[in-house]
Each structure stands twice: as C-alpha cells, then as structure tokens.
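A quick write-up on the structure given underneath.
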Amino acid sequence: MTHASQELQRVFKTLSDPTRMRILRLLEREELVVQELMEVLGMAQSRVSRHLAILREAGLLSDRRNGTYVSYRFVPPPEGSWREAWAVVKRSLGEDPTSERDDLLLQRVLEARGDQSKSFFDSIGPEWDALRKVFNDDALRARAVERLVAPGLKVADVGTGTAILACELGRLGLEVIGIDHSRRMLQVAQGKIEQQDFPPGGSVELRHGEANDIPIASDEVEAALAHMVLHYVASPVEVIREMARIVRPGGAIVIVDFVEHDHEWMRQELGVVWMGFGLDDIRAFFAEAGLPNVRIEQIDSAARGRDLPATFIASARRRAAANGESP
Ligand SMILES: C[S@@+](CC[C@H](N)C(=O)[O-])C[C@H]1O[C@@H](n2cnc3c(N)ncnc32)[C@H](O)[C@@H]1O
C-alpha cells in the first residue's frame, strides 16, 4: 500500500465514529476541557477521554494546560487528505440535527464559564478595592495606557512648570509642547527632559510664553492641558479661550485645579491668585470661552489622604462650527 492510501485509511478510520466527528466540530469552535465536552455530549468521562486519546494520537488536537485542567482544540490541517476529508465531514454535520443540539449545549457551557467570574465579583463587591492591590502595578498600568494613547499625538501642557506631567505624557509616546512664563521653571524642566528616554513618537519641547497668549498656532494640537495653573492666572476665561484656539476642532481642553477653598496659607506660601473655583464658575468660564458642554468631576481631598482642597477635572471638546470652524 502506498503511503498516501495508508494515510487515507487512517483518516477514514479516525473519522468513522460519529462522536469523534462531533468532538472535532466542537473543538474547532471552542477550546474545551474534558468536563465541558462531557456536558455537551452527555457522555461519561471514560468515553470522552477514549475518543480524545484517538484524536490526539492522530495528531489532530493541540492541548494547553491551565492549572490542573487541560483544554483541547482542533485546528484543521491546512492541506492533504485530512483537510479534504474534514471539509466533507463538516458539510454533512452542518445538516445534522445533532449539531444544532451540540451548539445549544456549547453555548450553555460557555455561559457557565462567564458566570463563574460574575458570581465571584457579585459575592465580593466592595472588598474588591482591598483585593485589587494584589493586581495593581503602576508601571504595568502605564504601559497598558501607552498602548491606548495614539503615539505622536500632539498636546500642549500649559503652565508646564518642571514638566513632570509633560514628561509623563512624553513617555506615553505623545509629542508634548510645554508652555510656561517662568524661565526658571523652564530651566529645571529642560534638565529633566534631557534625562528622559522617550519611546518613538514621544517628545517634550518647551516654549516660553503666557497662558493667555500661547505661543502655539491655531489648531496645532489635539489637546491642551492646564494642571494646577488656573488659580495663578489673571483671567481664567482668557486662558481657556486660548486653549480652545490652539486645539483642532474636536480636540480636548482639560483643566485640573482646586475647588474653591479657604486655605489662606496657600495665598501667602504658594502665591496663588485664586482660592480655587466654584464648579459653577468653571462652567461659566468654559461657556464664555465658547465651550458650553463641559464635563466636571470633583475629587474630594479625603480621597487623596491629605488636608488639601478638593480638586476638579473639567474637560470639553472644541466644536466644529457649521460654517467654518470656531471654538
Ligand atoms: C503649580 S505649577 C504647576 C506646574 C505643572 N502644571 C504641574 O502640575 O506640575 C504652576 C505653573 O504655571 C506657571 N504659570 C502660572 N501662570 C502662568 C501664566 N499666566 N502663563 C504661563 N505660565 C504660568 C507657573 O510658572 C508654574 O510653573
């Protein structure tokens, strides 16, 4: 007998059993463990395992260990007699009512898999925050976020100070322009930037200038951020208007600052001009700057574990006007 006909005989022998055909069909759709196959097929473990052994022996299954379980999968051979025979078998199985029943039970098995984790989280609820610490890793999270943010996106950091945030954004692959009116701060920022190792697309460029007259062309950036700057500026509305000017239509304007407070020491020790802002004031500033749809979130100081004023994050997107584009 030629090698080809020997091979063909092996193919027919392996596929001659209806249960094996059903198993292959299921494992082509989903990776399953023995227990799950038993549930779908309605068969005892010994029977399912015997068929799996034959299929494995024929080299048709790949397996993967998952703790104490082994899950199986069938990837149809790309060529040769197996491929042709499987195509014929699959076609005939498609018209078989058993397949319909198998699919229904497979669906249930998969739903039960998902329910496992759902019932875990349903039972755990608020304790998750403590448990979560086990999984939390700042570096890992930053790297995940890095994949979300489109590298090369151009953003402005208005009132960049020592460029802490600007460098963080640069490390995420963003092209950052940091603006500040203090030459001393820019000097420190420059030193910090030179020590950075930015990924492709990531960079920080510093420009000296005023927040109410930002040295960036109109529509030049995708987003503008001012972090803890607004309480220092003479006219918050003008600054927000400037930020809206430099972002392209659809781009984002984000302000992070203190909610109005009575920490007088900040005036003396930190030279602040504004003792924070009421959220209604912020809403009005944005509206006056041509950004009526502002989203504001307040974060109470307790959440940060220090005796500091509450902070807010306000953000809006610049609209594209019907005729022409204006903020
Ligand atoms: C509290 S620091 C915040 C720095 C930085 N955004 C951060 O979060 O680390 C405020 C910065 O805004 C700058 N600044 C204040 N008023 C400004 C203005 N009108 N134009 C440009 N920069 C300004 C200050 O020089 C200072 O570096």
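Coordinate-derived values only; no laboratory data. For clarity, every value in this text was computed on a predicted model and none was experimentally measured. Counting neighbours? That spans all protein chains shown, and the Cβs are built from the backbone with ideal geometry, glycine included.
Per-residue extension of 0.36 nm, minus the Cα-Cα distance of residue 39 and residue 205, leaves a gain of 53.6 nm for this segment. Straight-line reach from residue 118: which lysines have Cα under 24 Å away, leaving out those fewer than 8 places along the same chain? Output for residue 118: 133. Taking a ≥ b ≥ c as the square roots of the Cα gyration tensor eigenvalues, the stretch 125-317 comes out rounded, since a/c falls below 1.5.
Determine the calculated [θ] at 222 nm for the chain from helices alone, applying -39500 (n - 2.57) to every DSSP H run no shorter than 4 residues and normalising by the residue count; nearest 500 deg cm²/dmol.
-14500 deg cm²/dmol
The packing ranking, built from the mean of other Cβ atoms within 10 Å per residue, places the peptides 22-28, 64-70 in the order 22-28, 64-70, highest first. The alpha carbon gyration tensor of the stretch 232-292 gives principal lengths a ≥ b ≥ c with a/c of 1.5 or higher and a/b greater than b/c, which makes the shape prolate.
Rounded to 0.05, the FRET efficiency of the residue 7 and residue 65 pair, given R0 = 22 Å and the Cβ-Cβ distance, is 0.15. Packing order of peptides 98-105, 186-193, 310-317, highest average first: 310-317, 186-193, 98-105 (average count of other Cβ atoms within 10 Å over each peptide's residues).
Taking amide H atoms as placed 1.01 Å from N in the peptide plane, the amide H of residue 159 lies under 5 Å from those of 179, 180, each 5 or more residues away in sequence or on another chain. Applying the Karplus relation 6.51 cos²θ - 1.76 cosθ + 1.60 with θ = phi - 60° to the stretch 57-64 yields 3J(HN,Hα) values of 4, 7, x, 9, 10, 10, 10, 9 Hz, where x marks Gly and Pro. Across 137, 213, 63, mean-square fluctuation computed from a Gaussian network of the chain (C-alpha pairs under 10 Å connected) peaks at 63.
Mind checking the stretch 186-268 for GluC sites (Glu not before Pro) that DSSP puts in a loop (not H, G, I, E or B) and that have at most 13 other Cβ atoms within 10 Å?
On the way: sites: 194, 205, 210, 220, 222, 238, 242, 260, 264; in loops: 220, 260, 264.
Hits after loop and neighbour filter: 264.
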